[in-house]
Amino acid sequence: MKDVLELIDVVEENIVEYDMKKFKETVAVLVEKIFYILPKLDEKYIKHINIIFQNINVALNNKDYLLYQDILEFELKPILKNARMS
């Protein structure tokens, strides 16, 4: 889980630096890692993470990278920090 949280930090840095190439590469790795751990999480976390991913998708479709960053920082990170593996 620690590696996922660290990747979120890297994605946020990519946004601040507006390095979209690194952003896209890092997001791809982040999503892959999250999908790998999803089945291992308690169901209550999975439902919440799915809602967060819907919001992330809206932000990306609108190219609203600051919203994307806020969702990562204030929604996804806290859930992942508290999530328990089953």
Report task. Give the angle, between 0 and 90 degrees and rounded to the nearest 10, that separates the Cα long axis of helix 43-61 from the longest principal axis of the Cα atoms of the chain. Result -> 10
Query raised in the report: What nm distance separates the two modelled labels at LYS22 and VAL10, each placed 7 Å from Cα along Cα→Cβ?
Result: 1.0
Report summary line: In the chain, the chymotrypsin sites (Phe, Trp or Tyr not before Pro) that sit in a DSSP loop and have at most 16 other Cβ atoms within 10 Å of their own Cβ are TYR18
Requested in this report: Can you work out the accessible area per residue across the chain, with the rest of the protein chains kept in place, probe 1.4 Å, in square angstrom?
Outcome: 64
Requested in this report: Name the residues whose placed amide hydrogens come within less than 5 Å of the amide hydrogen of LEU41, ignoring near sequence neighbours (fewer than 5 apart) on the same chain.
Outcome: SER86
Requested in this report: Could you tell me how many degrees, from 0 to 90 and to the nearest 10, lie between the Cα long axis of helix 2-16 and the main elongation axis, the longest principal axis, of the Cα atoms of the chain?
Outcome: 20
Query raised in the report: Given the rule -39500 (n - 2.57) for each run of at least 4 DSSP H residues, summed and divided by the residues of the chain, what is its mean residue ellipticity at 222 nm, to the nearest 500 deg cm²/dmol?
Result: -24000 deg cm²/dmol
Query - Calculated log₁₀ intensity ratio I(q)/I(0) where the Debye formula runs over C-alpha points of the range 1-66, q = 0.13 Å⁻¹ - result: -0.38
Report task. Would you work out the relative contact order for the chain, in percent, from Cα pairs under 8 angstrom that are 6 or more residues apart? Result -> 40
Report summary line: If one compares the long axis through the Cα atoms of helix 20-37 with the longest principal axis of the Cα atoms of the chain, the angle in degrees, nearest 10, works out at 10
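The values are calculated or read from the model by the stated rules, or taken from the named source; none is laboratory data. Fair warning: this is a prediction, and the values are worked out from it, not measured in the lab. When we count neighbours, we look across all protein chains shown, and the Cβ atoms used for this are built from the backbone with ideal geometry, even at glycine. Accessible surface areas use protein heavy atoms only, side chains included; no ligands, DNA or RNA. Shrake-Rupley method; radii C 1.70, N 1.55, O 1.52, S 1.80 Å.
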